[in-house]
Amino acid sequence: MERIQPSDAEGKAGVGQLYRYTSNAWNELNGMLMAIELPGIYLELDKNEMIVFDHVEVSILERSKSGVVLEIKNPTTFPAKVSLFAETSADARKPLSYTAFMKWQKIDVEAGKSSKVEVPFPAPTDH
């Protein structure tokens, strides 16, 4: 139900309300999908590019030919389970599958603590 009552056509108590105990289903579904389909941390392994979508602070501690070492700090008072999606710039040009997020690494970081994570470069593949 997308309809929000902006007038008093259904009575003064109905102004600004969702109609009769319904929910705004497409918006709620959209929010749930974004929560699982956006990684908490996106990293391009062969570039100096990283985007953090979650409530954590991330820094690159080390970069080598074999991969990247990240430090993930959780400044909140709640434990975090952060998804990490890392790829090369060449892989970033290819579309992901609809369920790619299911394979992303999940990192547990306790409230107020930090965690180090090694992210290896993927093995070369023949295309």
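The values are calculated or read from the model by the stated rules, or taken from the named source; none is laboratory data. The structure presented is a predicted model; accordingly, all values stated were derived computationally and were not measured. Note that each Cβ is placed from the backbone with ideal geometry, even for glycine, and that neighbours are counted across all protein chains shown.
When the stretch 53-63 is examined, which residues are found to be surrounded by fewer than 15 Cβ atoms within 10 Å (Cβ to Cβ) and part of a strand (DSSP E or B)?
Of everything in the stretch 53-63, those that are surrounded by fewer than 15 Cβ atoms within 10 Å (Cβ to Cβ) and part of a strand (DSSP E or B) turn out to be Glu57, Ser59, Ile60, Leu61, Glu62, Arg63.
Can you pull out every residue in the stretch 75-113 that is among the acidic types (Asp, Glu) and either part of a helix (DSSP H, G or I) or not assigned by TED's automatic domain parsing to the domain that holds Asn48 (or both)? Show your work before the answer.
Filtering the stretch 75-113 for residues among the acidic types (Asp, Glu) gives 87, 91, 108, 110.
Listed by number, the list holds a single entry, Asp91.
Just need a number here: residues in the stretch 28-38 that are within 23 Å of Ala111 (Cα to Cα) and either surrounded by fewer than 13 Cβ atoms within 10 Å (Cβ to Cβ) or in contact with an Asp or Glu (Cβ under 8 Å, 6 or more places away or on another chain) (or both). Before the answer, list the steps.
Step one: filter the stretch 28-38 for residues within 23 Å of Ala111 (Cα to Cα), giving 35-36, 38.
Subsequent filtering for residues that are either surrounded by fewer than 13 Cβ atoms within 10 Å (Cβ to Cβ) or in contact with an Asp or Glu (Cβ under 8 Å, 6 or more places away or on another chain) (or both) retains 35-36.
Counting residues in the stretch 28-38 that are within 23 Å of Ala111 (Cα to Cα) and either surrounded by fewer than 13 Cβ atoms within 10 Å (Cβ to Cβ) or in contact with an Asp or Glu (Cβ under 8 Å, 6 or more places away or on another chain) (or both) gives 2.
Return the residues of the stretch 64-78 that are in contact (Cβ under 8 Å) with a residue 12 or more places away in the chain, more than 12 Å from Val109 (Cα to Cα) and loosely packed, with under 13 Cβ neighbours inside 10 Å; say none if nothing qualifies.
Taking the stretch 64-78 as the starting set, the residues that turn out to be in contact (Cβ under 8 Å) with a residue 12 or more places away in the chain are 65-78.
Of the ones still in play, those that are also more than 12 Å from Val109 (Cα to Cα) are 65-70.
Listed by number, the residues that qualify are Lys65, Ser66.
I'm trying to understand the selection: among the residues of the stretch 65-87, which are more than 13 Å from Gly40 (Cβ to Cβ), touching a strand residue (DSSP E or B) at 6+ places or on another chain (Cβ under 7 Å) and hydroxyl-bearing (Ser, Thr, Tyr)?
The one that is more than 13 Å from Gly40 (Cβ to Cβ), touching a strand residue (DSSP E or B) at 6+ places or on another chain (Cβ under 7 Å) and hydroxyl-bearing (Ser, Thr, Tyr): Ser66.
Among (1) touching a residue at least 40 places away in the same chain (Cβ under 8 Å); (2) assigned to a loop (DSSP other than H, G, I, E, B); (3) of a type in the set (D, E, K, R), where does Glu118 come up short?
(2)
Just for the stretch 97-116: of the residues that are among the aliphatic types (A, V, I, L, M) and touching a strand residue (DSSP E or B) at 6+ places or on another chain (Cβ under 9 Å), which one is farthest from Leu33 (Cα to Cα)?
Taking the stretch 97-116 first, the residues among the aliphatic types (A, V, I, L, M) are 100, 102, 107, 109, 111.
From what's left, touching a strand residue (DSSP E or B) at 6+ places or on another chain (Cβ under 9 Å): 100, 107, 109, 111.
Working: Ala100: 13, Ile107: 20, Val109: 23, Ala111: 25 Å.
Taking the candidates together, the pick is Ala111.
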